[in-house]
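The values are calculated or read from the model by the stated rules, or taken from the named source; none is laboratory data. Bear in mind the structure is a predicted one, so any value in this text is a computation, not a measurement. A quick note on method: Cβ atoms are made from the backbone with ideal geometry, for glycine too, and the neighbour counts reach across all protein chains shown. Keep in mind that these areas ignore ligands, DNA and RNA; they rest on the heavy atoms of the full protein, side chains included. Shrake-Rupley method; radii C 1.70, N 1.55, O 1.52, S 1.80 Å.
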Amino acid sequence: MATWLHWVDLAGVAVFAVAGTLMAYKKHMDGFGVVVLASVTAIGGGTLRDMILDLPVFWVQDPSYFYAIIAAALITIIWLRNKNTFPLHYLLFADAIGLAFFNVMGLQKALTYGASPLIAIALGTMTGVFGGLIRDVICREIPLVLKGELYATTCIIGGAAYISAMLLGLSTVSCMLVGFVITLAIRLGAMQWHWHLPVFQPHDKIDE
């Protein structure tokens, strides 16, 4: 199980590294900028999670995560040079997959180290959104997590689905699959149909 989870975690890191590389390409960054942005996107959320859980930071203990980041960045750069266009929908799709991956991995790790279900959902959400938040701030973009379409909310719903599956007695793998699919499906639906939470309108007034 540990080996399988490790490979899933590496896959999530690679996908988020692709999203970071695509953003670096959009911003016309040099090679160093690509590596920095891909790395921040890929490991930012997991780093925050491990610090909150007071655990050794995962990428400090295992350099294979950086190998995955570099490989994903190189493959993406080669692909972009051949295409010579910026595919915004690919960036959003890669970000959505990374979000779903990291949500369930963060939640699972939090549960493994004794966090309550509510705290585990919160840490899964942080794991999913924090790397992309840093990436967008560095690039002077409005972070996806702060835009109207559902983003962090998808992690909360996916995390709740994971916990529900766990309470029903499903295996860890099944719970992770449920959480991943729900998170990804809602995020893709939000991208396609612009689902969002209610927001204050300019004419709304607060009674004094």
Has segment 128-140 got at least one residue that is at pLDDT 90 or above, farther than 18 Å from residue 12 by Cα and not in a helix (DSSP H, G or I)? yes
Any residue in segment 165-180 that is open to solvent by 20 Å² or more (accessible area, probe 1.4 Å), at pLDDT below 95 and outside any loop (DSSP other than H, G, I, E, B)? yes
Restricting the search to segment 1-32, which residues are acidic (Asp, Glu) and either surrounded by fewer than 17 Cβ atoms within 10 Å (Cβ to Cβ) or in contact with a strand residue (DSSP E or B) (Cβ under 8 Å, 6 or more places away or on another chain) (or both)? 30
Suppose we filter segment 12-44 for residues that are closer than 11 Å to residue 132 by Cβ and among the acidic types (Asp, Glu); how many remain? 0
Residue 30: in contact (Cβ under 8 Å) with a residue 60 or more places away in the chain, more than 17 Å from residue 144 (Cα to Cα) and not small (Gly, Ala, Ser), yes or no? no
Between residues in segment 112-123 that are over 13 Å from residue 158 (Cα atoms) and at pLDDT 95 or above and residues that are of a type in the set (A, V, I, L, M) and not in a loop (DSSP other than H, G, I, E, B), which pairs lie under 8 Å by C-beta distance while being six or more apart or on different chains? 115/123; 119/110
Specify the residue that is least open to solvent (accessible area, probe 1.4 Å); the eligible residues are those in segment 75-129 that are over 19 Å from the mean Cα position of the chain (by Cα) and of a type in the set (A, V, I, L, M). 80
